[in-house]
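The values are calculated or read from the model by the stated rules, or taken from the named source; none is laboratory data. Predicted model only: the values in this text are computed from it and were never measured. Neighbour counts are summed over all protein chains in view; Cβ atoms, including those assigned to glycine, are modelled from backbone coordinates with ideal geometry.
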Amino acid sequence: MSLVSKEFLVDEIKLNKIYSDFDSDYEVTKLNFEKIDQIYGELKFPQLKKERPFLFACFVASIDGTIAFKDNPKSGQIARNNNLDNGAGKSDLWILNLLRTIADGIILGPKTLAAEPNLTGHIFDQELVKARTELLSKSAVPYNIIVSQTGDSIPYQHRIFTEEEVPIIIATSPQGSQVVTENLDYPYQLINLQSESNIIKQIRTNIKKDKVIVLATGDAYELNEKILFNSLKEAGLDRIMVETPSYAHYLMQNQFLDELFWNQAGIYAGGPKFLNNDYNFAFSSAAPPQAKMITIHSYNSYFFCFRYRLNY
């Protein structure tokens, strides 16, 4: 099965920038060509971090903070199901594609994959693929990174494992790696980030082969994100986008998530709210994450795109 591509016409998805306030460490990326400028405007990101990748998340939600309909949890339905809107869903999808283009890796969670049997973290817009390979000198498809503490909730028969063009990393705990290797029916390379030598060389060498890279770090069933992200940074992954809601919340809890791209559709959906509806995961009123607005774009009166920089 080949990866899906879509045509995105500028006039159909063009956004209007209505606000911007970048900090001094933001700079224009090398991903700079006419189509992006026409649709979105100048694309800026902060200077790269030395110790770990720059981590950002992108979601679309209703005005009450719901990211998926209870009866139809597929991604993008919130943006597409406004009958008064005539195309914001395609703009939302293009923004996701734009951010995948700048990313070296895409984090996907087991629940996200289970809800989306055909999901792959690739780029639909072939003009963006060309810009990614030519302007950024990156591979056509970002690394698809599946994060699972225990390894037992990963849908191992998912389409993502059958796509030769999609490079896959499974990040898990030491105990989780045993579960992964027992259930994975595809060639893999197991790398223990705490004990093996030449780890970074192994990642760089094997990730380009027809193998799933299984990265084990932490203790027992507990994954160590600090070691994981430090290793991914050393392996050349400078920017990683998070597309799984619960893990984005977890990263905020641990002060890892740097930015949030929050697209808002003009509908009220009800149901579980953004990221995690479990009150046990609520932040303390004494120290919640603080968010600075960086940009606001609008597609029309029913769809807005907000970009936040998070501070802890």
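Just a few scattered comments:
- Pairing residues of region 69-80 that are aromatic (Phe, Trp, Tyr) with residues that are at pLDDT below 70 and assigned to a helix (DSSP H, G or I), at Cβ distances under 6 Å and at least 6 apart in sequence or on separate chains, gives no pairs at all.
- Picking from residues in region 44-61 that are in contact with a Leu (Cβ under 6 Å, 6 or more places away or on another chain) and among the hydrophobic types (A, V, I, L, M, F, W, C), the one that is surrounded by the most Cβ atoms within 10 Å (Cβ to Cβ) is Ala57.
- Selected residue (only one of Asp64, Asp92, Asp11 is crowded, with 17+ Cβ neighbours inside 10 Å and of a type in the set (Asp, Glu)): Asp92
- Taking region 150-165 as the range and being at pLDDT below 95, under 23 Å from Asp104 (Cα atoms) and part of a loop (DSSP other than H, G, I, E, B) as the test, the residues that pass are Glu163, Glu164, Glu165.
- Qualifying position, being at pLDDT below 95 and either surrounded by fewer than 20 Cβ atoms within 10 Å (Cβ to Cβ) or touching a Pro at 6+ places or on another chain (Cβ under 7 Å) (or both), among Gln255, Gln202, Gln178: Gln202
- Asp25 being surrounded by 19 or more Cβ atoms within 10 Å (Cβ to Cβ) and either of a type in the set (S, T, N, Q) or over 30 Å from Leu223 (Cα atoms) (or both): no
- Elements of the type helices (runs of 4 or more DSSP H) sitting completely within region 1-111 and holding at least 3 residues that are modelled with pLDDT of 90 or more: these cover 10-13, 34-39, 88-102.
- Filtered residues of region 112-128 (kept if of a type outside the set (A, V, I, L, M, F, W, C) and either without any contact (Cβ under 8 Å) to a residue 40 or more places away in the chain or not in a helix (DSSP H, G or I) (or both)): Glu116, Pro117, Asn118, Thr120, Gly121, His122, Asp125
- Region 256-271, residues that are assigned to a loop (DSSP other than H, G, I, E, B) and either out of contact with any strand residue (DSSP E or B) (no Cβ under 8 Å at 6 or more places or on another chain) or among the small types (Gly, Ala, Ser) (or both): Gly266, Ile267, Tyr268, Ala269, Gly270, Gly271
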